[in-house]
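Worksheet for the structure shown next.
The values are calculated or read from the model by the stated rules, or taken from the named source; none is laboratory data. Everything quoted here is computed from the prediction, not taken from an experiment. Note: ideal-geometry Cβ built from the backbone for every residue, glycine included; neighbour counts use all protein chains shown. Note: accessible area is taken over every heavy atom of the protein model, side chains too, but ligands, DNA and RNA are not part of it. Shrake-Rupley method; radii C 1.70, N 1.55, O 1.52, S 1.80 Å.
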Amino acid sequence: MTSIPEERTYPPRPPAMVRPSRSLLWRWVVDLIPTLITPFIGIAAALGLVVLILEWQGADPRLAWQFLYDGTLATAAERADLMSYWMPLAITAFGLVLTYNAGLWNIGVEGQIIAGAIGATWAARLFAEGEGWRAQITPLGHGWVLLLCFVFAAGAGGLWALLVALLKTRGGVNEIFGGVALNFIIQTFNMYLVSNGGPWQPVGSRATETAAFPEVARLSSYGGFRHLSLTPIYITTAAFILLVLIMYVSRWGLQLRAMGKNLRSAFLLGVHTERNVLMAMMLCGMMAGLAGSFRVLGPYVTRAKLTANPSGGIGFLAILVVLLAAMSALLTPFVSFAFAMLSKGGQKIESGFQWSDPPINLDRSLVRVLQSGIVLMVVLAFGVRNRYFPPRSAQAAVDEDEEVART
Amino acid sequence: MHVELRNISKTFGRVRANEDISLSFSAGRIYAILGENGAGKSTLMKIMSGYQSPDSGTILIDGQPVTFKSPTDAIAHGIGMLYQDPLDFPPFTVLENFIAGRPGGFFPDTAAARQTLISLAERFGFHLDPDRYVDMLTIGERQQLEILRLLSLNVRVLILDEPTTGISAEQKSALFNVLKSLARDEGMTIILVSHKLEDVLELCDEAYVLRRGRYVGHKTIPCPIGDLVELMFGKIVARQERPPATFGEPVMIIDDVCLSSHRLSVHNVSLTIRAGEVIGLAGLDGSGQAEFIRSCAGLLTPERGTIRLNHLDLTRASYHRVAEAGVAFLPAGRLEEGLIRGMTLMEHFALTQPGKAPWVNWMRAWQTTAERIQTFNVKGRPNSPIQTLSGGNQQRFALALLPENLKVLLLEHPTRGLDVESALYIWEQLLQRRASGTAIVFISAELDEIVAYSDRILVFFGGHVTLVDDPADMNTTRLGELIGGKLAR
C-alpha cells in the first residue's frame, strides 16, 4: 500500500493538452460564432413548426406572411397601431430586465400591469369625473390629470410588486408563488370593479367595463392617426434610457447582476441584498403599472376605459421577450418589437384567412404558439450548445500562464 | 464476504477526490474510515456503495471484480450504505418506508413486510411502531428503520456515514451495540465513516485514514489518539524561530459568548484579540469553530455574551455593520461564498470598491484591477471571468479584494486546496497585514499551519473551548488529546 506522504507534494500532472497559442481575437471570434448562430437555429425550428401547422390546415404560409406584413407594416395607420401596441410591452419588458438580472422571477408582472390600469382609472375617476366632493375641487387641466393618472398607475403597480418582494424577503414566499397568487387576486378584484353592478360599472350597464373616461383623462391622438399617442413613446423612451444607465453605468445595476449570479456572495461582498430586492421589484412594478395606464388611457387598446382584461396578457408576453433577449437591456427593444409585430399581425392572419377563398379558420393564438415556440427553441438551442459545446467562459479553464509554464 | 478496493481514483474537475486508494475489508470486523472534511472519505464510500463510479480502479468481492451501476445494484451484491441524512419519505409511515425500495410486485405484500419488520426490530431491540409517520420519528429512529431495511435486503457490508450526528447518547449506545453484534455474531462487515475520534475508538477494530484524497495509513485499535490525529492532520513540524511579535491594544473583545446552531452549541467563549495577533482555531470539523468565526463576522447572533470591537458593541450588529467597523470575513467556499461565478475580476473590484458616486468609473476600475492583480500576483486579466482562475489565484484575488487597514481579518481554511507555493504566498500576504496591525483569526484543518503561524490557539471540541497560550511547546500528543476531547471534558 502507499506510503504516508509527508509533504504537500503532488505528482507532476499529465502533460497539458497541447493547445496552440492562438490570438485572443481569434478565440473571441470562435466563441462568438455559435452564440450568434444558436438563436437562429431556434427561431428556424419554431418557424418550421408553425409552417407545418399552417400546411396541415391547408393555409399557404406565404399568404400568412403577407397578412402579417399587411397587418403591421404595410400602411402608416397599421404602423401607428403597432407602435401603440409595442410601447406597453416594451416598458414592461424593461422593468423585467431589472428583476431578471437580479435573479427575481417576477411572474407577478401581469398583475402589476392590472394594478397600474386600476390605479390610472382610479385617478381618472378622482380627478376628472368630479362626482360628490370632488366636484368642489377646481377642475384640473389635461396635463395635470394625466400626470396624476401616471403617478397613480406607477404607484399601484409599484406597491403591488413591493408586496411580492416583502412576501419574499419577510415572509419567505418565493416570488414566483407570491406573484401567481397576487395575479389571481388583482384579476378578481378588477372583475369585481367592472362587472355585475360593481362599483365602477356604470349604472344600468351590462358591459364588463367602466364608462369611457372624460376627455381630460385621455391620451390625445397624434396627427391624423386615431390610435397613436406620443406620450407613451416619450415615457417608454425615458424608461429605456434609465434602464441602460442602470444596467451599464450604475453601481446599482452591477449589484443587481451580482445578486442574480450569486446572492450569498453578493451579500458577503457588501451588497445590501434585501433592500435591492425591494427596490428592483418596485421599479419593475412601476414600469408595469405605467404599461397598464398606457393600455387604459390610450386611444388604441381599450379606448379609454377599464375593461375586464386590461393587460391582454402582455405581462406574460414580456416575460418571453426578456427570456429571448437573454436579459439584455439593449436587445429588449428589438425583441419586444418583433413580438409586438407577431401579436398584432396575428389578428390580421386570422381575419385574412377567414375572408380568403376558400375560408380557413385559423385562431390568432397560432401566433402565441410561434412566440412561445421561438423562446422554447432558442432556450433549448442554447441549452444544447452549453451542454455539448461549452463556450470557453463556461469552462473552468486552466490558467494560460500555468499552461505555458508546463509546455 | 471480503471486499477489496483496488487503486480507486476519482476527480471532480480540478479536485482529486480520491487518488489511487487501495483498501481491504474482512468479514466480522468493524472498520473506520477517518479523515477531515474533504479528505475524500465520502466519495470513496459512494463509489463502494454504487452511488458513483470511479474514474479508474476496481472493486473486488471475494476476489471477483464487480461494477455497480446503481446503489440498488450494490445492495444486490450485499453492500448497503446508511447516509448521513436518512433517505426516507417523511409523509409515509414506517411500514411504507420499509416497503419502498424493496423488490416486489406492483402490489406489495404488506402483511409479510410487517411481520419481517416486527421480527427484525425485536431481534435488535429497536422500538419502531410500523404505523407511525416517519416525520414524527427522531433521526436515531429513522436510522434504525434504515438499518432494518438494509438488513432485510440481506446486506453483508454496512457502511454508515457519520451515524452519530444528531442522535441521543442512548440511541448511540444502542446503535453501537447492534453494530458490534452484527459483526461478532453474524459476521457482517461494518464500515464507519467519521471524523469523530471518540466514536472510532469506542466501536472500531481498525482504522483507515485518508488525507487530501489519499490513503495515508492504517491503525489497529486500540492505539494512542495522538497517532490517529497525526495521520489525519499531518505531522507537526518543529516550529521555526520567529521574530517576537509585538501586539498592540486589544481590538476585539469576546466575552462569555454562547452560540447555538442546529448542529451544536458553543459554550462560554472568552477571548481578547490584540492588534497584530494571529489566532488559530483548531478542532475536528463541526466542533464549533465555524460558528464562532461567523458570530465574530456578524453572521450568527450569540445567544449570550458580548462581542466588542474597541468600544463598539457588535454583539447584535448586522454583517454589513460589522464589515463597516473594520472586520472582514473570507469564507471557505470561494465560489459559493465570496466570489461570483460569471463576473470578471474588474466587476468584482467595481462591486467592492467604496465610493459615493452612483455610477461606476470603469476606467478606474480597470486600472485598479490591473494594479492589484500585479501586486497580488494573480494570474488573470481584468476581464477574465473569476471561475477561469485556478484555486490559488482565486484565493489570492479574494485577498486582493479585501479593504486595506482592517482591524480584524477572519479566515476559514485560507489555504485549503492550494499547493505549497500558493499557501506560502497567502501567508506572506497575511503576515504583511498583521505587521500593519490587523489581527488575524483563522480556521485550519492543518495542524502544522496552525502551529506555525498562530500566536495563540483556540482548540474546539464539541462546542467546548481550550485556549493554548504558547503554541511553541505544543506537541502532537497534547494537541491530539485536546482535539480528541480528552482534556476539554
- Message: Given the options B:His127, B:Leu430, A:Cys284, identify the residue whose Cα lies farthest towards the positive end of the charge dipole of the protein assembly as shown (+1 on Cβ of Lys, Arg; -1 on Cβ of Asp, Glu).
- Response: A:Cys284
- Message: If each DSSP helix of 4+ residues adds -39,500 (n - 2.57) and the sum is divided by the residues in the protein assembly as shown, what number results at 222 nm, nearest 500 deg cm²/dmol?
- Response: -15000 deg cm²/dmol
- Message: Averaged across A:241-250, how many Cβ atoms of other chains sit within 10 Å of each residue's Cβ atom?
- Response: 2
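Quick one: dipole size for chain B, taken about the Cα centre, charges +1 on Lys/Arg Cβ and -1 on Asp/Glu Cβ, in debye to the nearest 20.
Working: 49 positive and 56 negative charges, 224 e Å.
Once rounded to the nearest 20, the dipole reads 1080 debye.
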- Message: Treating only the Cβ of Lys, Arg, Asp and Glu as charged (+1, +1, -1, -1), what charge dipole size does the range B:250-484 show about its Cα centre? Round to the nearest 20 debye.
- Response: 900
- Query: Cβ under 15 Å from A:Ile319's Cβ, A:Ile319 left aside: what net charge do those residues give with Lys, Arg +1 and Asp, Glu -1?
  - Reply: -1
- Given a cut-off of 24 Å, name the pairs among B:Lys10/B:Lys379; B:Lys180/B:Lys219; B:Lys172/B:Lys196; B:Lys46/B:Lys196; B:Lys41/B:Lys172 whose C-alpha atoms lie farther apart than that in the structure shown. B:Lys10/B:Lys379
- Relative packing of B:183-189, A:253-259, which averages over residues the other C-beta atoms within 10 Å, highest first: A:253-259, B:183-189
- Task: Give the angle, between 0 and 90 degrees and rounded to the nearest 10, that separates the Cα long axis of helix A:365-388 from the longest principal axis of the Cα atoms of chain A.
- Result: 10
- Item | Among beta bridges that DSSP assigns inside the range B:250-484, antiparallel share in %, nearest 5 | 55
- Antiparallel content of DSSP bridges confined to the range B:3-223, in %, to 5: 55
- Item | Karplus 3J(HN,Hα) series, Hz, for the range B:190-200 with 6.51 cos²θ - 1.76 cosθ + 1.60 (x for Gly, Pro) | 10, 10, 9, 9, 7, 10, 9, 4, 4, 4, 5
- Query: Could you sort A:Val367, B:Val420 by accessible area so the largest value comes first, with the probe set to 1.4 Å?
  - Reply: B:Val420, A:Val367
- Distance between Cα centroids, the range A:57-85 to the range B:289-305: provide it in whole Å. 64
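Taking K and R as +1 and D and E as -1, what net charge do the other residues with C-beta under 14 Å from the C-beta of B:Asn177 add up to?
Around B:Asn177, the charge tally is -1.
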- Task: Please determine, in degrees from 0 to 90 and to the nearest 10, the orientation of helix A:142-169 with respect to the longest principal axis defined by the Cα atoms of chain A, where the helix direction is its Cα long axis.
- Result: 40
- Query: Going toward the positive end of the dipole of the protein assembly as shown, with +1 on Lys and Arg Cβ and -1 on Asp and Glu Cβ, which of A:Thr99, A:Phe267, B:Phe12 do you reach last?
  - Reply: A:Thr99
- Query: Per-residue HN-Hα couplings for the range B:314-327, Karplus 6.51 cos²θ - 1.76 cosθ + 1.60 at θ = phi - 60°, whole Hz, x for Gly and Pro?
  - Reply: 10, 3, 10, 6, 6, 4, 5, 5, 4, 5, 4, 6, x, 10
- Query: If you find the alpha carbon centre of the range A:330-367 and of the range B:16-77, how far apart are they in angstrom?
  - Reply: 60
- Item | Whole-angstrom gap from the range B:408-455 to the range A:203-239, using each part's C-alpha centre | 67
- Remind me, relative contact order of chain B in percent, using alpha carbon pairs under 8 angstrom and six or more residues apart? 15
- Note on the structure: Straight-line reach check, A:Lys168, cutoff 28 Å on alpha carbons, 8 or more apart in-chain or any other chain, hits among lysines -> A:Lys261
- For peptides B:60-67, B:151-158, A:377-384, B:128-135, sequence by mean Cβ density within 10 Å, most packed first: B:151-158, A:377-384, B:128-135, B:60-67
- Here Rg/Rh (Cα, Kirkwood) for the range A:90-330 equals 1.01
- Message: Tell me the net charge near A:Arg264. Cut-off is 9 Å between Cβ atoms, A:Arg264 excluded, with +1 for each Lys or Arg and -1 for each Asp or Glu.
- Response: -2
- Query: Which aspartates and glutamates have a Cα lying under 15 Å from the Cα of A:Lys305, excluding residues fewer than 8 positions away in the same chain?
  - Reply: A:Glu129, A:Glu209, A:Glu215
- Cα-based helix-to-principal-axis angle, A:332-354 vs chain A, degrees rounded to 10: 50
- Query: Across peptide A:257-268, how many C-beta atoms of other chains are within 10 Å of each residue C-beta, on average?
  - Reply: 6
- Residues whose modelled amide H sits under 5 Å from the amide H of B:Arg211, counting only those 5 or more places away in sequence or on another chain, are B:Val216
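Explain nothing, just the number: dipole magnitude of chain A about its Cα centre with +1 on each Lys and Arg Cβ and -1 on each Asp and Glu Cβ, in debye rounded to the nearest 20.
380
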